[in-house]
Each structure stands twice: as C-alpha cells, then as structure tokens.
Amino acid sequence: MDRIIKTIAKRLLLLFVCSMGMVILLAREFSHGVLSSHWFEVGLLIVAAAMGVSAMVIVTRTTKEHRGITGPAGTALDEVTRRRRLLGIRAGKAMIALLATTLVFGLFRGGPLVPVLAGIVMNLAMMLSLIWWVVRLQRSLH
C-alpha cells in the first residue's frame, strides 16, 4: 500500500509542476498584454480541468498497475495494516466533511461565475474520489 501511495505522489507532483508552469506562462502573457482577461480565465479553467482529469487518470492507472502486487482478496490483514486503513477511513471522512462545508460556504460567497463553477466542479470531483476511496477501504476491511 505504501508503494502505491509513493508512486501516485511522484506522478501527481510531476503533474502539479507542469500545471503550475502553464499557470505561470498564462500569467506572464496576461501581464504583458498578450492575453485579455477573458482568455486568461478560459486558459485557467482549461488548465484546472485538465489537471483534475489527469489526476483521476493517474490515480486509476496506478492502482490498476499495483493491484496485482497486493495480496489475494481473501487474505487476513495484520494489525498494523488494519490500523492504517482505519486511520485512512477516518481521514477520508474528515476531508469529505471539510469539502462539503467549504462547498456550502463557496456557494453563498458568490463572485464571478467562471471561477465559482470551476471551484464547484473541482470540489465535487475531489469529494467523489474521496467517497470512492473510503468505500473501497471499508470493503477491504471486511
């Protein structure tokens, strides 16, 4: 399990660095007057959407790659692995609650439509992936 997390973290770090490079490039072009404010917002929205989709693809492909490495489906878990999974379930539930709270606050805060919609989509995508992850961890305990 630790090897999967390390592999995912390395791949997501590379994705983060590339996307921040794109954001810096967009900001530079906007500050030099090459991009208008409208196209700057569109570019940021595209980068955010691409980053979200790429992160989901990275996580699913990495878990599929490492699925054969873990033990068979009916094996008993040792106590350390069981405690780690329980801690992961609790942390996932806490993050889901935090994301739900920030979603509500973000909806009532208002603001420009495009950034608010991008935030809502990213928040819901993260909540969905966390719910999927927690359900999967709960199934592995039984």
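Details
- Residue within the stretch 24-40 that is open to solvent by 50 Å² or more (accessible area, probe 1.4 Å) and of a type in the set (D, E) present: no
- Filter result for L77 (over 15 Å from the mean Cα position of the chain (by Cα) and either of a type in the set (F, W, Y) or modelled with pLDDT of 85 or more (or both)): no
- Yes/no for L12 being among the hydrophobic types (A, V, I, L, M, F, W, C), in contact (Cβ under 8 Å) with a residue 24 or more places away in the chain and open to solvent by less than 90 Å² (accessible area, probe 1.4 Å): yes
- In the set (1) at pLDDT 85 or above; (2) closer than 30 Å to H38 by Cβ, the condition left unmet by A97 is number (2).
- Taking the criterion of being at pLDDT below 90 and among the charged types (D, E, K, R), the residues of the stretch 10-28 that qualify are K10, R11.
- Complete set of residues in the stretch 113-130 that are without any contact (Cβ under 8 Å) to a residue 40 or more places away in the chain and either under 18 Å from V47 (Cα atoms) or surrounded by 15 or more Cβ atoms within 10 Å (Cβ to Cβ) (or both): L113, V116, L117, G119, I120, N123, L124, M126, M127, L130
The values are calculated or read from the model by the stated rules, or taken from the named source; none is laboratory data. Here the structure is a predicted model, which means the values were calculated and not measured. All Cβ positions, even for glycine, are placed from backbone atoms using ideal geometry, and neighbour counts span all protein chains on display. The protein model used for the area step is the full one, side chains on, heavy atoms only, and it has no ligands, DNA or RNA in it. Shrake-Rupley method; radii C 1.70, N 1.55, O 1.52, S 1.80 Å.
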